[in-house]
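Enquirer: Could you have a look at this structure, given as structure tokens, before my questions?
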Amino acid sequence: MADAAVFLRLAGSRVRAQFSYRLSFLLQIVGAFLLSFLDFVAILVIFLHLPRLAHWTLPEVAFLYGSSYVAFKAGDVIGGNLDKLPLLIRMGTFDQVLTRPLGTLGQTLTVDIDIRHVGGIVQGLVVLLYSISRLHIAWDPVRAVMFVAMIASALVIYGAIWVSANAVSFWVMDAREVANSVTYGGNFLSQYPMSIYSIWMRRLFAYVIPIAFVSYYPALYILGKTDATHSPFVLRFLSPLVAVASVIVARFIWRMAVRRYRSTGS
Amino acid sequence: MNAVELRDIRKTFNVYRRTGRIRRERVEVDAVAGISFTVARGEMVGYVGPNGAGKSTTVKMLTGILVPSSGFVRVLDLEPTRQRVELARRIGVVFGQRTQLWWDLPLRDSFELLRYIYRIPSDVYERNLAEFGKVLDLETFIDTPVRQLSLGQRMRGDLAAALLHDPEILFLDEPTIGLDVVAKARIREFLARLNVERGTTVLLTTHDMDDIERLCKRMLVIDHGRVIYDGDLQTVKARYGADSVLVVDLEETAPPLDVPGATVERVDGPRQWLRFRREHTSAASLLSHIASKAAVRDIAIQDPDIEDVVRRIYGSS
């Protein structure tokens, strides 16, 4: 784990580079905070017309949204930089990553760190706190642990999705839009109760791109909801396992992808 | 023990060629088509060839950047792509066209980050920084952000960066490309010293024959992905006749000059091209012979370049 200290140092140097433009840095954070509220406004608009969405109230959906968004934006600070990967590959700068005695993924993730997403994290937290204040959650030790595990697992699952989706760049030049549709699209879809989706979409989200485990399944338990999709009860507790499995898959995909790297002419 | 060992190494790329408006066909191109050689520890080897010969591709396979399509590679007894991290700790790599440094950081901060990346003990780091700082004269620009450095300065910074961790082998890909004469001389002097004083093995790709002449006893010539010559520079010159050409501008038009040790290749008005071998005749003695026969206004000497040598090696085989 001595490598982790090196990565922290690399990340630190990137963050310091951003601090040197203080005003633009602050504006970016505030901008990200305000802009990210638009995502939540979409949900508010729905509830202007409907009292409930598939038996979910506004604070309940806000709970899904907030927990998913906090994790997603935290992942975005680091994983979001993977969208620079096509550039590294096309310019051949990935060569440099391969000549250093450190893991390739860690180096790619610390090529840049985008602190402005902190604005999005704050927004997610605000929505999450609002929902918790309006809901009457029967807090007990199990629910408290589940809550923490839910956010942590969500962060890891999103990280794995970022990595897997962006690794496509090694096969297809500039597959950024494809990758974004999976990452940003996945986050968007995870903000709603799974019961509003058709059966094949639910299967996709449960077993292929596991965004149903980001917040929906654990939230069912924490909020004490019945699942209109009649999924096995045990799924509510599986998010940490899904997170571990996602990491294993993502590592495998990344390793395969790096072997495909072809560099550029000298 | 060999520093580098390659046996029948190949690298094939798929290239898509457009054959119509939309239609395209896949063509397999051998960037490296079966190369074998070894480099002993402490050797300094020049790896030369025209553009597109496969030089960089070979270096990239030796440094773990590219996975060979087939064949056997060992560098310091390690398999470069499989044992990439372990190997990276023990080798240094410099690409002349690209910097390893952080663009927006001062040189000193880049060095500091590398110190952590390579886990360089602080006494080694301090000693190397002091020595390279002096020999490469880094002091004047060590606190300048890398993006503001001149090409020559950046190259010196890159060299120091690649050597801070005391690598056993240094791979250099076109280290003098684009540099002026003074900067080239400085880099060459530094490399020669490194090889002698520290015993660092150096493998250097270049298409500058001067680099080889000043630095390497042994050279490997590669073309179309194959090694076409492996031996010392003197032998190449003796065997493949790398001729130099003396271009003289006479005061007035004259018949082809008859000078011992040189043959007139071309005459164009008062200008004549005389082909000669530097090993047999010096330019000075040629010139004194010419001056005794005609009035000379101006002279220029063209030395053979790598393309000439390659052409001649082909011509003889």
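The values are calculated or read from the model by the stated rules, or taken from the named source; none is laboratory data. Since the model is a prediction, treat every value here as computed from it, not as a measurement. Heads up, the Cβs are rebuilt from the backbone with ideal geometry, glycines too, and the neighbour counts pull from every protein chain shown.
Residue-wise test of (1) touching a Gly at 6+ places or on another chain (Cβ under 6 Å); (2) of a type in the set (D, E, K, R); (3) not assigned by TED's automatic domain parsing to the domain that holds B:Leu204.
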| site | (1), (2), (3) |
| --- | --- |
| B:Arg10 | yes, yes, no |
| B:Asn14 | no, no, no |
| B:Thr19 | no, no, no |
| B:Ile22 | no, no, no |
| B:Arg26 | no, yes, no |
| B:Val32 | yes, no, no |
| B:Gly42 | yes, no, no |
| B:Gly52 | no, no, no |
| B:Thr57 | no, no, no |
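Enquirer: Taking A:Ile248 and the conditions (1) within 16 Å of the chain's Cα centre (by Cα); (2) at pLDDT 90 or above; (3) under 30 Å from A:Leu98 (Cβ atoms), which numbered condition does it fall short on, given that it satisfies the others?
Expert: Of everything listed in (1) within 16 Å of the chain's Cα centre (by Cα); (2) at pLDDT 90 or above; (3) under 30 Å from A:Leu98 (Cβ atoms), A:Ile248 misses just condition (1).
Enquirer: Looking at region A:220-230, is at least one residue loosely packed, with under 15 Cβ neighbours inside 10 Å, modelled with pLDDT of 90 or more and out of contact with any helix residue (DSSP H, G or I) (no Cβ under 6 Å at 6 or more places or on another chain)?
Expert: Yes.
Enquirer: Then there's this: Output the strands (runs of 3 or more DSSP E) that fall wholly within region B:202-317 and possess 2 or more residues being out of contact with any Asp or Glu (no Cβ under 8 Å at 6 or more places or on another chain), assigned by TED's automatic domain parsing to the domain that holds B:Ala40 and surrounded by 15 or more Cβ atoms within 10 Å (Cβ to Cβ), or say none.
Expert: Output list reads B:218-223, B:226-232.
Enquirer: If a residue counts only when it is over 30 Å from B:Tyr16 (Cα atoms) and under 18 Å from the mean Cα position of the chain (by Cα), which helices (runs of 4 or more DSSP H) contained entirely in region A:145-235 have at least 2 such residues?
Expert: Hits in region A:145-235: A:176-189, A:216-222.
Enquirer: Does region B:178-201 contain any residue that is within 14 Å of another protein chain (Cβ to nearest Cβ) and more than 28 Å from A:Thr108 (Cα to Cα)?
Expert: Taking every residue of region B:178-201 in turn, at least one turns out to be within 14 Å of another protein chain (Cβ to nearest Cβ) and more than 28 Å from A:Thr108 (Cα to Cα).
Enquirer: Considering only region B:129-180, how many residues are basic (Lys, Arg) and within 18 Å of B:Val93 (Cβ to Cβ)?
Expert: Matching residues across region B:129-180 total 2.
Enquirer: Which residues, taken from region B:129-140, are in a helix (DSSP H, G or I) and surrounded by fewer than 19 Cβ atoms within 10 Å (Cβ to Cβ)?
Expert: Hits for region B:129-140 are B:Ala130, B:Glu131, B:Gly133, B:Lys134, B:Val135, B:Glu139, B:Thr140.
Enquirer: So, in region B:82-114, how many residues would count as being closer than 16 Å to B:Leu204 by Cβ and acidic (Asp, Glu)?
Expert: Of the residues in that region, 0 qualify.
Enquirer: Looking only at residues in region B:92-101 that are touching a strand residue (DSSP E or B) at 6+ places or on another chain (Cβ under 8 Å) and at the interface with chain A (Cβ under 8 Å from one of its Cβ atoms), which one is surrounded by the fewest Cβ atoms within 10 Å (Cβ to Cβ)?
Expert: Among residues in region B:92-101 that are touching a strand residue (DSSP E or B) at 6+ places or on another chain (Cβ under 8 Å) and at the interface with chain A (Cβ under 8 Å from one of its Cβ atoms), the one surrounded by the fewest Cβ atoms within 10 Å (Cβ to Cβ) is B:Gln97.
Enquirer: Moving to a separate point now. Would you mind telling me which numbered condition in (1) modelled with pLDDT under 95; (2) more than 10 Å from chain A (Cβ to nearest Cβ) B:Asn51 fails?
Expert: Of (1) modelled with pLDDT under 95; (2) more than 10 Å from chain A (Cβ to nearest Cβ), only one is false for B:Asn51: (2).
Enquirer: Being without any contact (Cβ under 8 Å) to a residue 60 or more places away in the chain and either in a helix (DSSP H, G or I) or on the phi < 0 side of the Ramachandran plot (or both): is that true of A:Leu48 here?
Expert: In short, yes.
Enquirer: Hey, another quick one. Considering only region A:93-110, how many residues are in contact with a strand residue (DSSP E or B) (Cβ under 9 Å, 6 or more places away or on another chain) and in contact (Cβ under 8 Å) with a residue 24 or more places away in the chain?
Expert: 1
Enquirer: Every residue in region B:162-175 that is modelled with pLDDT under 95 and buried (at least 24 other Cβ atoms within 10 Å of the Cβ), please.
Expert: B:Leu172, B:Asp173, B:Pro175 - these are the residues of region B:162-175 that are modelled with pLDDT under 95 and buried (at least 24 other Cβ atoms within 10 Å of the Cβ).
Enquirer: Being out of contact with any Lys or Arg (no Cβ under 7 Å at 6 or more places or on another chain) and at the interface with chain A (Cβ under 7 Å from one of its Cβ atoms) is the filter here; which residues of region B:56-89 pass it?
Expert: Result: B:Ser56, B:Lys60, B:Thr63, B:Ile65, B:Arg84, B:Val85, B:Arg89.
Enquirer: What do you reckon, is B:Asp104 at the interface with chain A (Cβ under 8 Å from one of its Cβ atoms), assigned to a loop (DSSP other than H, G, I, E, B) and of a type in the set (D, E, K, R)?
Expert: Criteria met by B:Asp104.
Enquirer: Restricting to helices (runs of 4 or more DSSP H) lying wholly in region A:53-118: which have 1 or more residues that are of a type in the set (A, V, I, L, M, F, W, C), more than 14 Å from chain B (Cβ to nearest Cβ) and surrounded by fewer than 21 Cβ atoms within 10 Å (Cβ to Cβ)?
Expert: Per the criteria, A:58-79.
Enquirer: Return only the number of the condition from (1) surrounded by 20 or more Cβ atoms within 10 Å (Cβ to Cβ); (2) among the charged types (D, E, K, R); (3) more than 22 Å from B:Arg198 (Cα to Cα); (4) more than 9 Å from chain A (Cβ to nearest Cβ) that B:Asp143 does not satisfy.
Expert: Unmet condition: (1).
Enquirer: Restricting to region A:206-232, name every residue that is over 15 Å from A:Thr183 (Cα atoms) and free of Cβ contacts under 8 Å to residues at least 12 places away in the same chain.
Expert: Of everything in region A:206-232, those that are over 15 Å from A:Thr183 (Cα atoms) and free of Cβ contacts under 8 Å to residues at least 12 places away in the same chain turn out to be A:Tyr207, A:Thr226, A:His230, A:Pro232.
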